[in-house]
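Right, one structure below, let's go through it.
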Amino acid sequence: MKIRQVSGTWGPKRFRVPFFIVLLVAAMVGSAQAPSHGVVQPLAGAKFVPDDDVKCLSSVVENGDPATGASTILLKATPGCVVPPHFHTAEEQLLVVRGQVSTGMEGMSTTVLVAGGFALMPGKKPHWFTCASKTECLLFVTFDQKYDITWVKRK
């Protein structure tokens, strides 16, 4: 058995380029086409806007653009605020920061979540929540694609 040694170059013999340089240039071109940016947003600087549909909610977009793609939104709910059954095309993830959030989804029992509690609602799966604390609830929601909402009538 003859072992063939592979050189670390790429290209015609006259223009041999070390393979790691090819990878480096490819990575730089890739990052130039899809720039990334960091986001640092203190809670004190969040400019909450009242929700059009659920008057006891206000929100601020922390990252992304809900009108066009994935996004992260910070929600504030007043005590007793009820968000009735609804669903989104996108998958929704919910993470409680402060308060007690009673949440449920079709086919599952309603559960009370406190700070650090997490829920994942698959796309098109009806779900709901209520701020069950005596103080406001604060939570992050993320959507993996463009935001939409469909309200569901309870039977």
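Among GLY123, GLY116, GLY104, which is at pLDDT 95 or above and at positive phi?
Numbers: GLY123 fails: at positive phi; GLY104 fails: at positive phi.
Just a single option satisfies the conditions, and that option is GLY116.
Any idea which residue in the range 92-109 is farthest from LEU43 (Cα to Cα), counting only those that are in contact with a Phe, Trp or Tyr (Cβ under 7 Å, 6 or more places away or on another chain) and of a type in the set (Val, Ile, Thr)?
Applying the filter and picking the extreme gives THR103.
Please find, among ALA90, ALA67, the residue that is part of a loop (DSSP other than H, G, I, E, B), under 20 Å from HIS127 (Cβ atoms) and under 15 Å from the mean Cα position of the chain (by Cα).
Working: ALA67 fails: under 20 Å from HIS127 (Cβ atoms).
That would be ALA90, the only listed residue that is part of a loop (DSSP other than H, G, I, E, B), under 20 Å from HIS127 (Cβ atoms) and under 15 Å from the mean Cα position of the chain (by Cα).
Could you check the range 101-139 and list, in sequence order, the residues that are part of a loop (DSSP other than H, G, I, E, B) and surrounded by 15 or more Cβ atoms within 10 Å (Cβ to Cβ)?
GLY117, LYS125, PRO126, ALA132, SER133, GLU136
Consider the range 44-57. How many of its residues are free of Cβ contacts under 8 Å to residues at least 12 places away in the same chain and either within 18 Å of the chain's Cα centre (by Cα) or not in a strand (DSSP E or B) (or both)?
5
I need the full set of residues from the range 49-86 which are loosely packed, with under 13 Cβ neighbours inside 10 Å and under 25 Å from SER133 (Cβ atoms), in order please.
Hits for the range 49-86 are VAL49, PRO50, ASP52, ASP53, LYS55, GLY80.
Here is a yes/no grid of residues against (1) farther than 19 Å from LEU57 by Cα; (2) at pLDDT below 95; (3) surrounded by 14 or more Cβ atoms within 10 Å (Cβ to Cβ); (4) of a type in the set (D, E, K, R):
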{"residue": "HIS88", "(1), (2), (3), (4)": "no, no, yes, no"}
{"residue": "GLU91", "(1), (2), (3), (4)": "yes, no, yes, yes"}
{"residue": "GLN145", "(1), (2), (3), (4)": "yes, no, yes, no"}
{"residue": "THR150", "(1), (2), (3), (4)": "no, no, no, no"}
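The values are calculated or read from the model by the stated rules, or taken from the named source; none is laboratory data. Predicted, not measured: the structure shown is a model, and the values here were computed from it. All Cβ positions, glycine included, derive from the backbone under ideal geometry; neighbour counts span all protein chains shown.
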